[in-house]
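Okay, structure first, notes after.
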Amino acid sequence: MANKNQTSPTTEDRYEPSRLELAWQSKWRKLGLDKTKQPTKHQGRFYALSMFPYPSGTLHMGHVRNYVITDVIARFQRMQGFAVLHPMGWDSFGLPAENAAIERNIDPSIWTKTNIAQMKKQLKRLGLSIDWDREITTCNPDYYKWTQYIFLKLYNSGLAYQKEALVNWDPIDKTVLANEQVDPNGRSWRSGAIVERKKLKQWFLKITEYAESLREGLTGLPNWPEKVKSMQKNWIGKSVGTEFNFLISDNPRITVKVFTTRPDTIHGATYLVISPEHPDLSSLTHIDNVEEVKQFCLDVSSMTIIERTAEDKPKNGVPLGTSVINPINGESIPLWTADYVLADYGTGAVMAVPAHDNRDYIFALKYNLEIKSVINNQGTETDTPLKEAYTEEGILFNSGIYSGLNSKEARSKITADAVKKGFGKSKTQFKLRDWLISRQRFWGCPIPIVNCPKCGPVAVDYRELPIKLPDQTIIDKNKVSPLDKYDDWKSTLCPKCGEPSYRETDTMDTFMCSSWYFLRYTDANNENEPFSKISQNIWMPVSQYVGGIEHAILHLLYSRFMSHALHDLGMLEEKEPFANLLTQGMVQGITYKNRLTGKYLKPSEVNTDGEPCEKNTGEQIDILFEKMSKSKYNGVNPSTVIDKYGADTARMFILFKAPPEKDLEWDQADVEGQYRFLNRIWRLTRRYKINSSEEYKYSQLQKDLKSLSFNKDEKSLRRCTHTAIRNICQDLTESNQFNTAISELMKLTNSILEYKTENNKLVKDEALSVLVLLLAPFAPHISDQIWSDFGYKNSVHVEHWPLVDETALVQDTYELVVQIAGKVRGKIELEVGIENELIEKIVKESPIGKKWLVDKKVKRVISVPGKIINFVI
């Protein structure tokens, strides 16, 4: 609680935000206003969290938008009486630090810590109500000790494992990428390089064991954006179907398993295709086809997954020279390998039914393979050749005993018979693949495993954690050497047998560190465990999570998996980590682009007088809004804006310009508009005293008002005041519509300015007090200054959110719109509750009625009670 004898840091008549804001930030630190307080027995709790940043060294406007949104929510919830946890930290492992180390020839930890200090200073200038006592940094041993601890928990429960697998290799960053880190064009999410496929021994987490749980869990997240839930659902990719066993014709002991969602089409299978990476490829290839198959596999190895699977790309393959037996009818069909079949999707084999699958149809035409129709909407074969695959459901024919059944019936009966006869089974399959967490980099969390020649991989004892990174960084040949180059560091003894061994030299994916960081905030200074059950029971799940939609699959899916797994390990009560999710739009800046070359131009390189063009060439340019980026020369430095207009103005603009989920277009004129609005409030409240009493509080003002009666103007201002309370409260609790909330503040300000001085001062006292209370979450510095100047002794940020007086919202009178023959002729003010017959009489006898209804015959009267009356003549 703030000291009730606090003094105002500034009493200037002129609004000077820079000095005012620094003074109040100092005051808040001394009062400890932002420290997290444990909720009392009957107090609600609220956990407000922004996705933590990578410490790049410079705050950008996207950061500002994210953190200001969360801060408004946190401040509002405190004023609502909740105990609030609002922490911040740093996602500080990763490649940028290694690249910076190379460029500057310094240890990545030095670069990272310098950037953290700089960004923390910038964040504090925004006046964010963050509890810095709970700050975490993922590259600090006191944090990654617990990342390693969680890895061991997963490993010891069978959820972490190592295997040799085809992986995504970034040739620029020289590291492995998870499937989720490859974009739809087959490029690395970070470097932009075309991703290659390599076979390496890697560490994985069994996220696939939670595919159903993660998919079903989405139904219990009503306050997540539908777009995010849809993206996750599609990535998990559930398919229900049948797995068939196809026997090799020459060797019935070898089986090729095939999964299909259309078992009703199995009679139309005319060939079978396996992946070039299929483990049994060599044994399934005839000796005469070996060389051709080898060359084909070599060609495919240089292709990206996108090139292999895109609908508009040609499909290539070669025959293996062998055949398989279709288990449903005993027919022999040829076996092929093709580029469009992937080893890690399904069984790595496809039952090709060209008459009923577009991709198979194109492939069959290219290689002159049989196309056999078994389904159409009539259930009979036609003489007309197929011009495209029939992919709809229908009635079966050419399907033996199943002919005449519809697709749904056939699927059920064929699958049941396959199970009964032992050549198939029902199966649910997911597109989701296990999470590959190995990275061949230095600047990451070491994997706490020892590789013993005798015992194999052995978990490090929990008591040995953390396994720290080497103290010295080796920068060699324009790269930071991976841990494999640190001989002294990797040499150790096996925890099981004591023989000389070596540490695991891969580090963990940085998303591993961020998959549980929100749990650490609940108990950030705990030295004995990552978090206690008591702390996570108090604070979890996160009440409001704020971040970009670009994290819909990577971070958000991994975090959900980690919470589900830790729940099953008995470490967490809650399975879902984030109750409410807000995905804010991007901040876009005005951008200049050469129309001919597509080159981005600096503002200084552009001539905008007349037809916009490039100064040096005279070539036409496009002026548009795009996401702020250094490479596009369209960024705005937050420090520049804060220096000129103050943090409160920056906050107000970023909140008012657009709804939070929409992209925001930066406009200097709109920034100045918010600066003028705050200046208007400043001038309105200068030298205004609510009460001279030392002990006077807002609650006392409410009591003083209860005993009064009010005239028309006073009722009008009180109605505006309490309408603002109601609407802003709804905006902040139901929809996070900060822009409309600020519009309500502007309406209330206008109403106060129109209030006449001869009216009751207490009504204006209430309106001004409410204005400042409602403004406080949005513009915290100016609000606390004005509140102090009013004479209130506590900080505005420890006051309670004002309550709506329902009686103040009641209107005694209303304006009735009068229409004559459908045209508006004026308005008259009426008391609420007058009967319709009397209203007609009053209107007819009013100046409007006397002017427009004289000598007119009224056929009928149409009215909307309380709004409009129309006389049909």
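The values are calculated or read from the model by the stated rules, or taken from the named source; none is laboratory data. What you see is a predicted model, and the numbers here were worked out from it, not measured in a lab. Here the Cβ is made from the backbone with ideal geometry for all residues, glycine too, and neighbour counts use every protein chain on show. To get the accessible areas, we keep the full protein, side chains included, count just its heavy atoms, and leave off ligands, DNA and RNA. Shrake-Rupley method; radii C 1.70, N 1.55, O 1.52, S 1.80 Å.
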Would you mind stating whether Y390 is hydroxyl-bearing (S, T, Y), farther than 26 Å from N168 by Cβ and more than 43 Å from the chain's Cα centre (by Cα)?
no
May I ask you to list the residues in the range 720-748 that are modelled with pLDDT of 95 or more, charged (D, E, K, R) and surrounded by fewer than 19 Cβ atoms within 10 Å (Cβ to Cβ)?
R726, K747
How do the pairs read when you match residues in the range 526-549 that are small (G, A, S) with residues anywhere that are not in a loop (DSSP other than H, G, I, E, B), using Cβ under 6 Å and keeping only pairs 6 or more apart or on different chains?
S532/D523; S535/T522; S535/D523; S543/F46; S543/Y47
Whether any residue in the range 643-654 is crowded, with 21+ Cβ neighbours inside 10 Å, among the charged types (D, E, K, R) and touching a residue at least 40 places away in the same chain (Cβ under 8 Å) is what I want to check.
yes
Hey, could you check the range 178-216 for residues that are assigned to a strand (DSSP E or B) and among the aliphatic types (A, V, I, L, M) and say which is farthest from H555 (Cα to Cα)?
L200
Based on what the data block shows, is T219 open to solvent by 60 Å² or more (accessible area, probe 1.4 Å) and either of a type outside the set (G, A, S) or outside any helix (DSSP H, G or I) (or both)?
yes
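Looking at this structure, is K420 without any contact (Cβ under 8 Å) to a residue 40 or more places away in the chain, surrounded by fewer than 18 Cβ atoms within 10 Å (Cβ to Cβ) and either more than 30 Å from L177 (Cα to Cα) or among the small types (G, A, S) (or both)? Break it down into steps so the answer makes sense when it comes.
Values: without any contact (Cβ under 8 Å) to a residue 40 or more places away in the chain: yes; surrounded by fewer than 18 Cβ atoms within 10 Å (Cβ to Cβ): yes; either more than 30 Å from L177 (Cα to Cα) or among the small types (G, A, S) (or both): yes.
The answer is yes for K420.
Taking the stated definitions as given, is V817 modelled with pLDDT of 90 or more and either open to solvent by 20 Å² or more (accessible area, probe 1.4 Å) or touching an Asp or Glu at 6+ places or on another chain (Cβ under 7 Å) (or both)?
Details: modelled with pLDDT of 90 or more: yes; either open to solvent by 20 Å² or more (accessible area, probe 1.4 Å) or touching an Asp or Glu at 6+ places or on another chain (Cβ under 7 Å) (or both): yes.
For V817, the condition - modelled with pLDDT of 90 or more and either open to solvent by 20 Å² or more (accessible area, probe 1.4 Å) or touching an Asp or Glu at 6+ places or on another chain (Cβ under 7 Å) (or both) - is met.
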Give I437, I414 a once-over and let me know the one that is of a type outside the set (G, A, S) and more than 30 Å from A565 (Cβ to Cβ).
I414
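Would you mind stating whether K706 is farther than 27 Å from P638 by Cα, of a type outside the set (A, V, I, L, M) and open to solvent by 70 Å² or more (accessible area, probe 1.4 Å)? Talk me through it step by step, then tell me what you get.
Numbers: farther than 27 Å from P638 by Cα: yes; of a type outside the set (A, V, I, L, M): yes; open to solvent by 70 Å² or more (accessible area, probe 1.4 Å): yes.
Considered against the rule, which asks whether it is farther than 27 Å from P638 by Cα, of a type outside the set (A, V, I, L, M) and open to solvent by 70 Å² or more (accessible area, probe 1.4 Å), K706 comes out as yes.
Among L369, L365, L342, L320, which is the only one that is in a strand (DSSP E or B), under 25 Å from T265 (Cα atoms) and either out of contact with any Phe, Trp or Tyr (no Cβ under 8 Å at 6 or more places or on another chain) or not acidic (D, E) (or both)?
When all the criteria are applied, what remains is L320.
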Condition check: within 18 Å of D107 (Cα to Cα), open to solvent by 30 Å² or more (accessible area, probe 1.4 Å) and not in a helix (DSSP H, G or I). Does K454 satisfy that?
no
Search result, residues across the range 746-776 that are assigned to a helix (DSSP H, G or I) and among the polar types (S, T, N, Q)
T749, N750, S751, S769
Is it fair to say Y558 is farther than 24 Å from P225 by Cβ, in contact with a helix residue (DSSP H, G or I) (Cβ under 6 Å, 6 or more places away or on another chain) and of a type in the set (S, T, Y)?
no
I'm checking my understanding of the structure. Among residues of the range 457-481 that are assigned to a strand (DSSP E or B) and without any contact (Cβ under 8 Å) to a residue 60 or more places away in the chain, which one is least open to solvent (accessible area, probe 1.4 Å)?
V458
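For the range 762-783, does any single residue satisfy the condition of being surrounded by fewer than 15 Cβ atoms within 10 Å (Cβ to Cβ) and closer than 19 Å to D704 by Cα?
First pass over the range 762-783, keeping only residues surrounded by fewer than 15 Cβ atoms within 10 Å (Cβ to Cβ): none.
There is no residue in the range 762-783 that is surrounded by fewer than 15 Cβ atoms within 10 Å (Cβ to Cβ) and closer than 19 Å to D704 by Cα.
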Candidates D484, D523, D509, filtered to the one that is touching a residue at least 60 places away in the same chain (Cβ under 8 Å) and closer than 20 Å to C139 by Cα:
D509
So, in the range 784-807, how many residues would count as being open to solvent by less than 10 Å² (accessible area, probe 1.4 Å) and aliphatic (A, V, I, L, M)?
2
Residue in the range 606-618 that is open to solvent by 70 Å² or more (accessible area, probe 1.4 Å) and part of a helix (DSSP H, G or I) present
no
Taking interchain pairs and intrachain pairs at least six residues apart, which have beta carbon atoms under 7 angstrom, with the first residue in the range 578-599 and farther than 30 Å from E734 by Cα and among the aliphatic types (A, V, I, L, M) and the second open to solvent by 30 Å² or more (accessible area, probe 1.4 Å) and part of a strand (DSSP E or B)?
I590/I623; I590/F625
Considering each of A193, A211 in turn, give the residue that is in contact with a strand residue (DSSP E or B) (Cβ under 8 Å, 6 or more places away or on another chain) and surrounded by fewer than 18 Cβ atoms within 10 Å (Cβ to Cβ).
A193
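If you check I333, I325, I306, which single one turns out to be open to solvent by 30 Å² or more (accessible area, probe 1.4 Å) and touching a strand residue (DSSP E or B) at 6+ places or on another chain (Cβ under 7 Å)? Write out each step before concluding.
Values: I333 fails: open to solvent by 30 Å² or more (accessible area, probe 1.4 Å); I306 fails: touching a strand residue (DSSP E or B) at 6+ places or on another chain (Cβ under 7 Å).
Of the residues listed, the single one that is open to solvent by 30 Å² or more (accessible area, probe 1.4 Å) and touching a strand residue (DSSP E or B) at 6+ places or on another chain (Cβ under 7 Å) is I325.
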